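Asks: Take this structure, written in structure tokens, and hold onto it; I'll ask about it next.
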């Protein structure tokens, strides 16, 4: 039987310009793996749920490459939201609590309004990607969004050029980096310190700017593991998703320290 306690922490506290080793993301993954083994049922439960959602979505959209790409994009942007319960498990592990899946949702219910608002922000990034890419490509080198009837997989690649694909990916990459910069530790900060969406995003942006090389490594690992998950027909995602969710908590722990008074609006 698991025991839970109510944790309330002060508003964001962080030393100025905390810098961590460029190899530190590998430690986050190692610690995430340890948490996955400590909470195997709950962790893999999250992995199975998210993987099932991805599988259903991809099956529904698989006949239209543009919609399929949109589905992948949405999951990449809102991944931090889906991993919120895993951050909760890692947090409680620090307090030597062994939670089951249901108890991992306790704190999330308390901050659900903030999480929903943050989810809206991240979803907005994904919608902006498609809006901007369609607009820019249409104005510069022609239509990039052929009709549903025309753009099945084979026809789609006959309708678009390599320039269009590269520009589409470039726009998406820039927006993904922007979203990553304001979300890298936002969910753990919301859960532990009860921050507003604005406070969490500003705090995340500050640690991102202070650790650009480390963030480049961490972001690359996230994308690489996501691609590996996709390449295994989502089978590996059952393990990789909870691994990354737990690792996110340790990224937060390294980058945000409990020190007296930190103004995230600096």
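The values are calculated or read from the model by the stated rules, or taken from the named source; none is laboratory data. Not measured: the values here are computed from a predicted model. Heads up, the Cβs are rebuilt from the backbone with ideal geometry, glycines too, and the neighbour counts pull from every protein chain shown.
Asks: Could you please give the count of residues in region 175-199 that are more than 12 Å from residue 84 (Cβ to Cβ), in a helix (DSSP H, G or I) and touching a helix residue (DSSP H, G or I) at 6+ places or on another chain (Cβ under 9 Å)?
Replies: Quick first cut of region 175-199, residues more than 12 Å from residue 84 (Cβ to Cβ) only: 175-182, 184-185, 193-199.
Applying the additional criterion that residues be in a helix (DSSP H, G or I) yields 175-181, 193, 197-199.
From the residues that got through so far, the ones that are touching a helix residue (DSSP H, G or I) at 6+ places or on another chain (Cβ under 9 Å) too are 175-181, 193, 197, 199.
Looking only at that region, the number is 10.
Asks: Do you know which residues across region 59-69 are touching a helix residue (DSSP H, G or I) at 6+ places or on another chain (Cβ under 6 Å) and either assigned to a helix (DSSP H, G or I) or surrounded by 14 or more Cβ atoms within 10 Å (Cβ to Cβ) (or both)?
Replies: At the first step, the residues of region 59-69 found to be touching a helix residue (DSSP H, G or I) at 6+ places or on another chain (Cβ under 6 Å) are 61-62, 65, 67-68.
Matches in region 59-69: 61, 65, 67, 68.
Asks: State yes or no: is residue 131 at pLDDT 75 or above, part of a helix (DSSP H, G or I) and closer than 30 Å to residue 31 by Cα? Walk me through it before giving the result.
Replies: Working: at pLDDT 75 or above: yes; part of a helix (DSSP H, G or I): yes; closer than 30 Å to residue 31 by Cα: no.
In short, no.
Asks: Ok, one more. Condition test on residue 220, is it crowded, with 22+ Cβ neighbours inside 10 Å, closer than 23 Å to residue 19 by Cβ, at pLDDT 95 or above and within 14 Å of the chain's Cα centre (by Cα)?
Replies: Against the criterion (crowded, with 22+ Cβ neighbours inside 10 Å, closer than 23 Å to residue 19 by Cβ, at pLDDT 95 or above and within 14 Å of the chain's Cα centre (by Cα)), residue 220 does not qualify.
Asks: Okay, moving on. Find all pairs meeting these conditions: Cβ atoms under 6 angstrom apart; at least six residues apart or on different chains; first residue within region 205-231 and more than 16 Å from residue 176 (Cα to Cα); second residue part of a helix (DSSP H, G or I).
Replies: So the pair list comes out as 207/255; 214/24; 229/237; 229/240.
Residue by residue, here is whether (1) over 18 Å from residue 188 (Cβ atoms); (2) part of a helix (DSSP H, G or I); (3) in contact (Cβ under 8 Å) with a residue 24 or more places away in the chain holds:
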site: 81; (1), (2), (3): no, yes, yes
site: 91; (1), (2), (3): no, yes, yes
site: 96; (1), (2), (3): yes, no, no
site: 101; (1), (2), (3): yes, no, yes
site: 105; (1), (2), (3): no, yes, no
site: 115; (1), (2), (3): no, yes, yes
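Asks: While we're on this one: Under 8 Å between Cβ atoms, which residue pairs at least 6 apart in sequence (or on different chains) link something in region 156-167 that is under 15 Å from residue 135 (Cα atoms) with a partner that is part of a helix (DSSP H, G or I) and at pLDDT below 70?
Replies: 163/141; 164/137; 164/141; 167/133; 167/136; 167/137; 167/140; 167/141
Asks: Follow-up. Looking at region 28-44, can you tell me whether even one residue there is farther than 30 Å from residue 174 by Cα, under 18 Å from the mean Cα position of the chain (by Cα) and surrounded by fewer than 18 Cβ atoms within 10 Å (Cβ to Cβ)?
Replies: Within region 28-44, one or more residues are farther than 30 Å from residue 174 by Cα, under 18 Å from the mean Cα position of the chain (by Cα) and surrounded by fewer than 18 Cβ atoms within 10 Å (Cβ to Cβ).
Asks: Given the conditions (1) modelled with pLDDT of 95 or more; (2) under 23 Å from residue 124 (Cβ atoms), report the number of the one that residue 211 does not fulfil.
Replies: (2)
Asks: Continuing with the same structure: Go through region 200-234 and give me each residue that's touching a helix residue (DSSP H, G or I) at 6+ places or on another chain (Cβ under 8 Å) and outside any helix (DSSP H, G or I).
Replies: 211, 234
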